[in-house]
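The values are calculated or read from the model by the stated rules, or taken from the named source; none is laboratory data. Just so we're clear, the structure is a prediction, and the values are computed from it rather than from any experiment. We place every Cβ from the backbone using ideal geometry, glycine too, and count neighbours over all the protein chains shown. Protein only, heavy atoms only, side chains kept; ligands, DNA and RNA dropped before computing areas. Shrake-Rupley method; radii C 1.70, N 1.55, O 1.52, S 1.80 Å.
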Amino acid sequence: MNIELLTKETDPNPLILGGKGANLVKLLQIGCNIPDCIIIPSDSSIATMGGVLRRLWQEYKYSYAAVRSSATTEDSRAQSFAGMFSTYLYVTEENLIEKIQQCRDSAKLPRVTEYLKQNQIPSEKVQMAVLV
């Protein structure tokens, strides 16, 4: 999957979009209004996203954005990752790529790795999609 604006046609696959991303698509599909949202899938490379993100940023005339984690191992009945991953507010076009990378890297923070260890969740199961 490529970097794209979330739409009703987006496949709500949580293994690619993460939990938040998949749920936002489901909200769109039932007719709820959500703010424009760009998804950076868990399998996309930071190195290849700069041009696409700049085009979308300028097309939608953003001034600031929030950069949010959308992990593929979001909350379940047994575990909660609430507050574990990084979120960035008032992100500008100039620091967008940096904040996306920091958001992705938050899956490797000590608090996350310790939580994974305590709950016997293999770290390779945690992939990070990012919402802008």
### Query
Going by the alpha-carbon gyration tensor, a ≥ b ≥ c the square roots of its eigenvalues, is the stretch 6-104 rounded (a/c under 1.5) or, if a/c is not under 1.5, prolate (a/b greater than b/c) versus oblate?
oblate
### Task
Exposed loop chymotrypsin sites (Phe, Trp or Tyr not before Pro) only (DSSP loop, at most 15 other Cβ atoms within 10 Å): please give the longest stretch of the chain free of them, not including the sites.
65-132
### Query
Summing -39500 (n - 2.57) over the DSSP H runs of n ≥ 4 in the chain and dividing by its residue number, what mean residue ellipticity at 222 nm do you reach, to the nearest 500 deg cm²/dmol?
-10500 deg cm²/dmol
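With the other protein chains left in place, how much accessible area per residue, in square angstrom, belongs to the stretch 1-75 at a 1.4 angstrom probe?
Working: 4080 Å² over 75 residues.
On a per-residue basis, 54 Å².
In percent, how large is the relative contact order of the chain, given Cα pairs closer than 8 Å and 6 or more residues apart?
Numbers: 211 pairs, mean separation 42.2, N = 132.
Averaging sequence separation for qualifying contacts and normalising by length gives 32 percent for the chain.
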### Message
As a test question: what accessible area, to the nearest 10 Å², does residue 11 have when a 1.4 Å probe is rolled over all protein chains in place?
### Response
100
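Run the accessible area of the chain with a 1.4 Å probe and give the carbon-and-sulfur part as a rounded percent. Intermediate values should be presented prior to the final figure.
Working: 3850 of 7570 Å².
Of the solvent-accessible surface of the chain, carbon and sulfur hold 51 percent.
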